[in-house]
Every structure is written in C-alpha cells, then in structure tokens.
C-alpha cells in the first residue's frame, strides 16, 4: 500500500516547477490553469521570483499547491493505478484532496489564495510568532505552553514540535525549552502565530468561502491534519479545513495511522523534502521517494 504525501508551506523556492513546465504538457496545463484562476502569472513568479514575493503567504500557498498537483498529474499519467492513502502537511491537505478527487484544482487554488490572504491579515492584526522545539518530550512542551500561554501548533514527528503564541510568550518559551533540555529551540521565520487561536478570524472567513465550493466524496482516504483520520463527506472535509487553520497539525499521528494500515512506501509530491525527513524520524524502515523535478518523473 502506498502513502501519497503533499508538501506544506515553507518549502517554496525560486525556479520550482520550471523544468516540469518546459518538459511535460500535463504540468504546463496545471500552471496555466492556476494563472487563469488567479488573474496573474503565478508561474512566472514561481520560475523567476523574486523570493520575497513568492514567500508571501498568499502567493506561496497557491504556488505550492500548483507545483504539487503538476507533479501529481505527471505521475498519474505514468501510473494510472493510484490506490492508497493521501495526506498533506497543513496547506498540503488541499493538494491531497485534489489528488484524491474530492476537490477541483481550480477551486483549490482559489481557496488557498484566500486562505493565505486571511492568515496574513490575522497575522497583522494579531501579531505572534512560532517556535520549533527539537529533542523535547511532548508533555514537557505542553507544560511550557501552559506556563507561557502558548499553543501547540504542529506535532511533526518524535522530538519535533512547533508552538505558537505572542512574541513575548515565544521568547520566554525558547528559554524554558533550553532549560528543560531541548536540543534546539528556534524561532521560525514566519509572519504569524499559525495553527493557533490567533488565526480564529481566518477560520471564520474561510468558512464563508467554503460554503460556495463543491466537494466530492474522496476516491481514496484523505487523512485530516486535525483528526489524524480519514475524512468522509463534504461537510466533514470542510469542517476539518476550517478547524485546521487555528488548530494543531497532527502529522506524526497522521503518519502513524497510515503505518497502521500497512503503508510502508511513501511518495512526496511538491517542492522540498521536508516530509521525507519527518518520516525518517517517525519510521526509519519506511521508504520515501520525492517527486519535484524532471528527473524524478523520468524514472520508472
């Protein structure tokens, strides 16, 4: 059984997808659809930068979904049988839903553009930061959160947890994490306290957008970030996407669910190799292949 994984925010880079656009008609079609939906050349921004513009939340979210689905469409052409389990890290859940037939690509690009705009607005109105804590047990991380009034944002893999909170809370938490024995405690270069109550306003706005979007029953199970279980039916999928903006991402548990179903081979679609690195920490026996460049897709 195969697990299909889709990249999340933060893995973007200038030049991503250019070789796919120039080589595969399926990819070119995906990029052109995204440009049309957004009303500007997202593909040009992806291929040529500047990085500061590409990194903006409302640009990088549709860019990563577009890149991921371009990779997926080429792969699917070469491998029509795609039975398995699907999951994406935070933003990547939209790509997973597209790949599993639950959401149209154009709708996904529109939604994540809006999602990015809403998140950026909340980050300005309710400033905050995020802290990645490496090498500390989850219970101790939760104790720190309770002490400084921060929140667990991402449980990525054993020994890697990200928390969100006010700038003051995160700076205090950084010191406490080191005192408690964390190997690393790094404040992330992000614009806001994502996956926390600081984003509640974005959840409300996204809910309104989702009212007008059609979702289908997924052809294959898509693991939700907020439940670490497959979602079924349009209402449950929408509810999970709303909750995801201000709720914790349970990636380690999501991968644990896939492993419990007999998945041992994974394919990561989209820019970067973040999910491959996390899987090494979750289950070192699993095989993970990345698909993001032309040479990855010309292999059998």
Residues in the range 129-147: is at least one in contact (Cβ under 8 Å) with a residue 24 or more places away in the chain and under 18 Å from residue 202 (Cα atoms)?
yes
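Residue-by-condition table, conditions (1) part of a loop (DSSP other than H, G, I, E, B); (2) more than 19 Å from the chain's Cα centre (by Cα); (3) modelled with pLDDT under 95; (4) not assigned by TED's automatic domain parsing to the domain that holds residue 55:
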site: 141; (1), (2), (3), (4): no, yes, no, yes
site: 144; (1), (2), (3), (4): no, yes, no, yes
site: 175; (1), (2), (3), (4): no, yes, no, yes
site: 202; (1), (2), (3), (4): no, no, no, no
site: 208; (1), (2), (3), (4): no, yes, no, no
site: 245; (1), (2), (3), (4): no, no, no, no
site: 253; (1), (2), (3), (4): no, no, no, no
Checking 232, 191 in turn, the sole residue that is modelled with pLDDT under 95, assigned to a loop (DSSP other than H, G, I, E, B) and over 22 Å from residue 119 (Cα atoms) turns out to be 232
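Test residue 259 against the stated conditions and say whether it is over 22 Å from residue 83 (Cα atoms) and touching a strand residue (DSSP E or B) at 6+ places or on another chain (Cβ under 9 Å). So that I can check it myself, show each step before the final result.
On the way: over 22 Å from residue 83 (Cα atoms): no; touching a strand residue (DSSP E or B) at 6+ places or on another chain (Cβ under 9 Å): yes.
No: the conditions fail for residue 259.
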In the range 210-226, how many residues are part of a loop (DSSP other than H, G, I, E, B) and surrounded by 15 or more Cβ atoms within 10 Å (Cβ to Cβ)?
8
Evaluation of residue 275 against (1) part of a loop (DSSP other than H, G, I, E, B); (2) in the same structural domain as residue 91 (by TED's automatic domain parsing) (one fails), failing number
(1)
With respect to residue 256, is the statement that it is surrounded by fewer than 22 Cβ atoms within 10 Å (Cβ to Cβ), more than 18 Å from residue 94 (Cβ to Cβ) and in contact (Cβ under 8 Å) with a residue 24 or more places away in the chain true?
yes
Quick one: residue 103 ticks every box in (1) assigned to a loop (DSSP other than H, G, I, E, B); (2) buried (at least 19 other Cβ atoms within 10 Å of the Cβ); (3) free of Cβ contacts under 8 Å to residues at least 60 places away in the same chain; (4) assigned by TED's automatic domain parsing to the domain that holds residue 7 except a single one, so which number is it?
(3)
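The values are calculated or read from the model by the stated rules, or taken from the named source; none is laboratory data. Keep in mind the model is a prediction, meaning the values are calculated, not measured. So basically every Cβ, Gly included, is an ideal-geometry build from the backbone, and we count neighbours across all protein chains shown.
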